[in-house]
Amino acid sequence: MSEARSKEGEIQIRIENLRKVYVTDESQTVAIEDFTLDIKRGELISIVGPSGCGKTTLLRMIAGLLEPTSGTITIDGRPCSDPGPDRGLVFQDFALFPWRTVRKNVEFGMEVTGVPKEERRLRAEEYLRLVGLEKFMDARIHELSGGMKQRVGIARALVNDPEVILMDEPFGALDAQTRNIMQAELTKILEKSDKTIIFITHSVDEAVFLSDRIVVLSKRPAEIKEVIDIPWPRPRDRASPEFTALRKHILDELEKENVLNN
Ligand SMILES: Nc1ncnc2c1ncn2[C@@H]1O[C@H](COP(=O)(O)OP(=O)(O)OP(=O)(O)O)[C@@H](O)[C@H]1O
Ligand SMILES: [Mg+2]
């Protein structure tokens, strides 16, 4: 049993009575309402919900990039009101520096925090090996495929050794085959580390394949409809009856929240 599994049960992130209202000159948009959730250390928790329901808003508040209107978020008891090295972010659009090499992209955070050059190099290489990019360390970002860019993004998030990884539809832009490869890679990374991962996805299939728990959100303002535990071992068989049944159940729940039906 891995370190990550043995730690299961210990609450790391507490989200309490969270509410977010965006106020502009013309309008007020309630994005998150009455949101309370505990996240355990070492778990991969997926968040699924209709488009525009408030998922990215939630993740940005956990990242400390956006201030809640009310309510609190703490990591190991510390409020996360600012971004910090304890949280690594992987964005859907990669958010890489196109003019830098792969290695220099991964080293960026360590440059900012003043990690010595040699240590930066060794750590970047270690994580690029982990995501299978050891042959592309000196390539420039524009020379890479979408899946490779995404792996650079993951290596860049992991290299600073954050306790928590926040991923916003990280595989959304990838073709089906690359996406499956990336899901398998992430499962491997999970086995090798005790990271807590909060994973936003539009793919229910992906959520069932990867998650320890799935949070199903309502349409905006996002409230929790259901939290589903998935204790099955990995890798999971997508063709198994329990996999298909759970996928159908979640899809049915989301269909009820489809704004076009209501
Ligand atoms: N900066 C902002 N100012 C005003 N309203 C915003 C802002 N950012 C998001 N919103 C609104 O808040 C709501 C939630 O947006 P959010 O991006 O969190 O949704 P989402 O669940 O991530 O959607 P998607 O699945 O399409 O990525 C939407 O109605 C959106 O228009
Ligand atoms: Mg979003």
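Cα centroid separation, the range 108-163 to the range 168-230: 22 Å.
Taking Cβ atoms as reference points and 10 Å as the exclusive limit, the residues near residue 160 contribute a net charge of +1, counting Lys and Arg as +1 and Asp and Glu as -1. Sequentially through the range 56-61, phi angles give Karplus couplings (6.51, -1.76, 1.60; θ = phi - 60°) of 5, 4, 4, 5, 5, 6 Hz, Gly and Pro residues having no value and appearing as x. Proximity of backbone amide H atoms, modeled 1.01 Å from N, is registered between residue 12 and 39, 40, 41 at under 5 Å, excluding neighbours fewer than 5 places apart on the same chain. For the chain, modelled as a GNM whose springs connect Cα atoms under 10 angstrom apart, the maximal fluctuation among 139, 155, 207 occurs at 139.
Computed from backbone phi with θ = phi - 60° and the Karplus coefficients 6.51, -1.76 and 1.60, the 3J(HN,Hα) list for the range 64-70 is x, 8, 9, 8, x, 6, 8 Hz; x is used for glycine and proline. Taking one quarter of the surface of the convex hull spanned by the alpha-carbon atoms of the chain gives a direction-averaged projected area of 15.2 nm². Between 239, 63, 31, find the one with the highest GNM mean-square fluctuation for the chain; connect C-alpha pairs within less than 10 Å. In this elastic network of the chain, the residue with the biggest mean-square fluctuation among 239, 63, 31 is 239. Quick one: grab the alpha carbon gyration tensor of the range 48-96, order the square roots of its eigenvalues as a ≥ b ≥ c, and give me rounded if a/c is under 1.5, else prolate or oblate depending on whether a/b is larger than b/c. It is oblate, given that a/c is not under 1.5 and a/b is not larger than b/c. Helix 117-130 and the longest principal axis of the Cα set of the chain meet at an angle near 60°. At a Förster distance of 35 Å, what's the computed FRET efficiency of residue 51 paired with residue 117, Cβ-Cβ distance as r, to 0.05? Computed FRET efficiency for residue 51 and residue 117: 0.20. Using a simple spin-label model with pseudo-atoms 7 Å out from Cα toward Cβ, residue 34 and residue 70 lie 1.2 nm apart.
Counting every pair of alpha carbons in the range 153-249, the share spaced more than 21 Å apart comes to 35 percent. Backbone phi angles across the range 220-229, fed through the Karplus curve with coefficients 6.51, -1.76 and 1.60 (θ = phi - 60°), yield HN-Hα couplings of 4, x, 5, 10, 7, 8, 7, 10, 10, 7 Hz in residue order; Gly and Pro are listed as x.
Taking 4 °C and 1.567 mPa s as conditions, the range 4-85 diffuses translationally at an estimated 95 µm²/s according to Stokes-Einstein applied to its Kirkwood radius (Cα pairs). Note on the range 47-116: with charges restricted to the Cβ of Lys and Arg (+1) and Asp and Glu (-1), its dipole about the Cα centre is near 180 debye.
No value in this document is a laboratory result; all are computed from the given coordinates. Just so it is clear, the model here is predicted, and its values are computed rather than measured. Ideal geometry is used to build each Cβ from the backbone, glycine not excepted, and the neighbour counts take in all protein chains shown.
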